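Since every read-out is calculated from the coordinates, none of them should be taken as a lab result. Note that the structure is a prediction, hence the values are computed from the model and not measured. Every residue, glycine among them, receives a Cβ derived from its backbone with ideal geometry; neighbour counts consider all protein chains shown.
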Amino acid sequence: MNLKRFGVPAVIAVTAAIALSSCASNEGGGAAPEESASTLSGNLVGAGASSQDAAQQSWIAGFQTANPDVTIDYDPSGSGAGRETFLEGASDFAGSDRAFDDEEIAAGGFQKCAPDSSIVELPLYISPIAVIFNLEGVDSLNLDAATIAGIFAGTITNWNDPAIAATNEGVELPDLAITPVHRSDDSGTTENFTDYLGAAASDVWTWEADGVWPFEGGEAAQGTSGVVDAVTNGTGTIGYADASRAGDLGTVSVQVGDEFVPYSPEAAAAIVDASPFAEGRAEGDLAIEIDRTSEEAGVYPIVLVSYLIACGEYADPANVELVKGYLGYIASEEGQDVAAADAGSAPISDTLREKVVAAIDSIQ
């Protein structure tokens, strides 16, 4: 990962909540409230990415156990709704499967933030996006980018199409119509998925990356759960979802160079570390530009980098320490391990953690 923006990392003291969070277990166990030395109290409100929901529940349980006078509410309303809620000042932080773009940041209007404040965007939930399908007798398929794009664009319409058969020798593919399923809501998962299609198969996928599905066709479903349910309950269905929700559905190994790479937390972390930060951002804005066309061994390019978003400076300082404490816990090794165990995400690297902690420490 390109780390030139920050120069030589400083050794930064993590907020008190990170130290205190060592008391918390993955299931919310740990020191009894009377043994806690936490001085944090109050309520935090967050909203956004449904992909983060399982991780958020684990983070909330761990943090509240270590800080018994704190309550945290997170509404997994979707990335688009979460960004809008944060813009309107109805939440203290947002979860989003994409960073705010340059135009949105330039427009400003973040109601919780002080005038002229920058925002802090922290890549703290990293997960592969699985291409999931329901095809009787088939558990996995090898597909290249052009074939995946053709299926979702509606130009490849049958499971025994020669393009699918070409990379799946020995797999008995049925003469069955393909039903592609996409998100009906404004979704960061959709934006990441369509970004991959456009970057890796531009001759087939001619639409720009967007959180809203770019055309009518196929089946639409609300949220991650809706897509998973539609694929599960259908026949010959295919969709895309946070890999932690793939369950027993069939999944696709994606062609990278000369190999087909199945999704995994390790492969997702590898593509993030191989990708640069976006240029021209404020120091605490750690937006990453994923290299969807990388041919490095072992990387999985259909990855979701989901952000925790906060103000660089809050208009009302009342909850600043609480925001910093909670984000600090999420960024800690413990917080990342909890999410990996409970939600299947990829823990961030130590190098990235240094940058994240510096950004959290800068919040005012």
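Determine, from the Cβ-Cβ distance of ASN158 and GLU333 and an R0 of 41 Å, the FRET efficiency 1/(1 + (r/R0)^6), rounded to the nearest 0.05.
E(calc), rounded to 0.05, equals 0.30.
Between SER349 and GLU216, what FRET efficiency comes out of the Förster formula 1/(1 + (r/R0)^6) with R0 = 45 Å and r the beta carbon distance, rounded to 0.05?
Plugging the Cβ-Cβ distance into 1/(1 + (r/R0)^6) gives 0.65.
In what sequence, highest mean first, do 194-202, 89-97 appear when ranked by Cβ atoms within 10 angstrom?
Top to bottom by mean Cβ count within 10 Å: 89-97, 194-202.
First select every other residue whose beta carbon is under 12 angstrom from the beta carbon of ASP316; then total the charges, Lys and Arg +1, Asp and Glu -1.
Its environment carries a net charge of -1.
On average over all directions, what projected area in square nanometres does the chain have, based on the convex hull of its Cα atoms?
Details: hull surface 70.2 nm².
Reported value for the Cα convex hull: 17.5 nm².
Note the full-extension length gain between THR71 and ALA107 as 0.36 nm times their separation in residues minus their Cα-Cα distance, in nm to one decimal.
Values: separation 36, 0.36 × 36 = 12.96 nm, distance 3.18 nm.
Contour length minus the Cα-Cα distance gives 9.8 nm.
Taking 1 over the mean of 1/r across every pair of different Cα atoms in the range 178-255, what Kirkwood radius in Å do you get?
Evaluated over the range 178-255, this radius sits at 12.8 Å.
Find how much the distance from ASP229 to LEU176 grows on full extension, using 0.36 nm per residue of separation minus their present alpha carbon separation; answer in nm with one decimal.
Values: separation 53, 0.36 × 53 = 19.08 nm, distance 1.98 nm.
Full extension from ASP229 to LEU176 adds 17.1 nm.
Taking the Cα centre of the chain as the origin and placing charges on Cβ (Lys, Arg +1; Asp, Glu -1), which of ALA331, ALA243, GLY226 is farthest toward the positive end of the dipole?
Ranked along the dipole, the leading option is ALA331.
The range 88-106 to the range 115-140: how many Å between their Cα centroids?
Each part reduced to its Cα centre gives a spacing of 17 Å.
Please find, in a Gaussian network model of the chain (springs between Cα atoms separated by less than 10 Å), the residue of GLY247, GLY42, GLY170 whose mean-square fluctuation is greatest.
The residue with the greatest mean-square fluctuation here is GLY170.
Find which of THR194, LEU135, PHE260 sits farthest along the positive direction of the dipole of the range 129-266, computed with +1 on the beta-carbon of Lys and Arg, -1 on that of Asp and Glu, about the Cα centre.
Farthest along the dipole direction, towards plus: LEU135.
Could you give the length gained by full extension between ALA358 and VAL138, i.e. 0.36 nm per residue of separation minus their alpha carbon distance, to one decimal place?
74.5 nm
Tell me the net charge near ASP248. Cut-off is 14 Å between Cβ atoms, ASP248 excluded, with +1 for each Lys or Arg and -1 for each Asp or Glu.
-2
For the chain, with only Lys/Arg (+1) and Asp/Glu (-1) charged at the beta-carbon, what is the dipole magnitude about the Cα centre, in debye rounded to 20? Mind dumping the intermediate values first?
Details: 12 positive and 57 negative charges, 94 e Å.
Once rounded to the nearest 20, the dipole reads 440 debye.
What's the magnitude of the charge dipole for the range 129-266 around its Cα centre, counting Lys and Arg as +1 and Asp and Glu as -1 at the beta-carbon? Answer in Debye, nearest 20.
For this selection, approximately 160 debye.
FRET efficiency for TRP207 and SER264, Cβ-Cβ distance as r, R0 = 30 Å, nearest 0.05?
0.60
With equal scatterers on the alpha carbons only and no solvent term, can you work out the Debye log10 of I(q)/I(0) for the range 129-266 at 0.09, 0.20, 0.21, 0.22 1/Å?
Reported log10 I(q)/I(0), two decimals: -0.22, -1.29, -1.45, -1.62.
GNM on the chain, C-alpha springs below 10 Å: top fluctuator among ALA99, ALA149, ALA274?
ALA274
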